Amino acid sequence: MRVISLPEEEITARIEAALYSAGRPLSIEELTGASGTNSKQKTMKILTDLIKKTKFVFKAIEITSLEDGTYVFQLKPAYMSVIRRFAHQPLVPSAALKTLSYIAYEQPVTSRRLVQIRGTQVYAHIKELESMAFIEHEKLGRLKVYKITEKFQNYFGITDLNSMKNKLVATTNNEKENKMTKKIHNDSSSQKSLI
């Protein structure tokens, strides 16, 4: 079996993508896995080059090593106070995001069903989501039927709606399973303390 080696530019791009999208510090093992190589040494060399490159190219952001040996792509501490007012304003407010995820999962979905599930505040969510071009509607008699747009799919990186639905179901099932496991553990712990 022949092992195909990735070009260094591709390895660098994969490490950049992992650091950028993670939103948390990553270990060298995680970065090695993301890089598509099995070499921690090669990953470290590329990571060191990336750290130098970001120091030269960027003024407000950096890739840095933390005390625990992990690496993070972050805003430099000196700029935290400058961006604080922007960081607290998400693109889509939490309630509207719940409505958007429901539409994405159940589409096509009628306005009547949205009101049943999300309440009358859904009208404000719909207005906001349509203004962002994340959803669109068709008239079906007196009802409106909502579905997500191509812009939604591009923005959230969704290429296959069926796989997205399967992931949502799997995540929901895992959350339910974790809650049940915790409940069972807590119940058995409290029973042991009674003995």
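The values are calculated or read from the model by the stated rules, or taken from the named source; none is laboratory data. From a predicted model like this one, the values you see are computed outputs, not experimental measurements. Glycine also receives a Cβ, built like all others from the backbone with ideal geometry; neighbour counts cover every protein chain displayed.
Residue-wise test of (1) surrounded by 13 or more Cβ atoms within 10 Å (Cβ to Cβ); (2) of a type in the set (Val, Ile, Thr); (3) assigned to a helix (DSSP H, G or I); (4) not assigned by TED's automatic domain parsing to the domain that holds residue 16.
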| site | (1), (2), (3), (4) |
| --- | --- |
| 56 | no, no, yes, no |
| 59 | no, no, no, no |
| 67 | no, no, no, no |
| 72 | yes, yes, no, no |
| 98 | yes, no, yes, yes |
| 112 | no, no, yes, yes |
| 137 | yes, no, no, yes |
Practice problem: Could you check residue 91 against (1) loosely packed, with under 14 Cβ neighbours inside 10 Å; (2) assigned to a helix (DSSP H, G or I) and say which number it fails? | Solution: (2)
Quiz item: Among the residues of region 140-151, is there at least one that is modelled with pLDDT under 90, in a helix (DSSP H, G or I) and not polar (S, T, N, Q)?
Solution: yes
Quiz item: Under the condition of being more than 9 Å from residue 71 (Cβ to Cβ) and aliphatic (A, V, I, L, M), which residue from region 16-34 is surrounded by the most Cβ atoms within 10 Å (Cβ to Cβ)?
Solution: 34
Quiz item: residue 104: more than 30 Å from residue 126 (Cβ to Cβ), in contact with a strand residue (DSSP E or B) (Cβ under 8 Å, 6 or more places away or on another chain), small (Gly, Ala, Ser) and assigned to a helix (DSSP H, G or I), yes or no?
Solution: no
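Any chance region 75-82 includes a residue that's surrounded by 17 or more Cβ atoms within 10 Å (Cβ to Cβ) and either not in a helix (DSSP H, G or I) or not β-branched (Val, Ile, Thr) (or both)?
To start, the set of residues in region 75-82 that are surrounded by 17 or more Cβ atoms within 10 Å (Cβ to Cβ) comprises none.
Scanning region 75-82 turns up no residue that is surrounded by 17 or more Cβ atoms within 10 Å (Cβ to Cβ) and either not in a helix (DSSP H, G or I) or not β-branched (Val, Ile, Thr) (or both).
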Quiz item: Which ones in region 53-72 are at pLDDT 90 or above and acidic (Asp, Glu)?
Solution: 62
Quiz item: Within the group 22, 13, 17, 87, which residue is touching a helix residue (DSSP H, G or I) at 6+ places or on another chain (Cβ under 9 Å) and at pLDDT 90 or above?
Solution: 17
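Could you please let me know if residue 86 is aromatic (Phe, Trp, Tyr) and not in a helix (DSSP H, G or I)?
no
Going by the structure shown, is residue 37 buried (at least 17 other Cβ atoms within 10 Å of the Cβ) and at pLDDT below 90? Before the answer, list the steps.
On the way: buried (at least 17 other Cβ atoms within 10 Å of the Cβ): yes; at pLDDT below 90: yes.
Criteria met by residue 37.
Out of the residues in region 152-163 meeting the condition of being closer than 21 Å to residue 93 by Cβ and surrounded by 11 or more Cβ atoms within 10 Å (Cβ to Cβ), tell me which one is modelled with the highest pLDDT. Walk me through it before giving the result.
Step one: list which residues in region 152-163 are closer than 21 Å to residue 93 by Cβ, which gives 152-158.
Still in the list and also surrounded by 11 or more Cβ atoms within 10 Å (Cβ to Cβ): 152-153, 155-156, 158.
On the way: 152: 86, 153: 82, 155: 79, 156: 75, 158: 75.
Taking the candidates together, the pick is 152.
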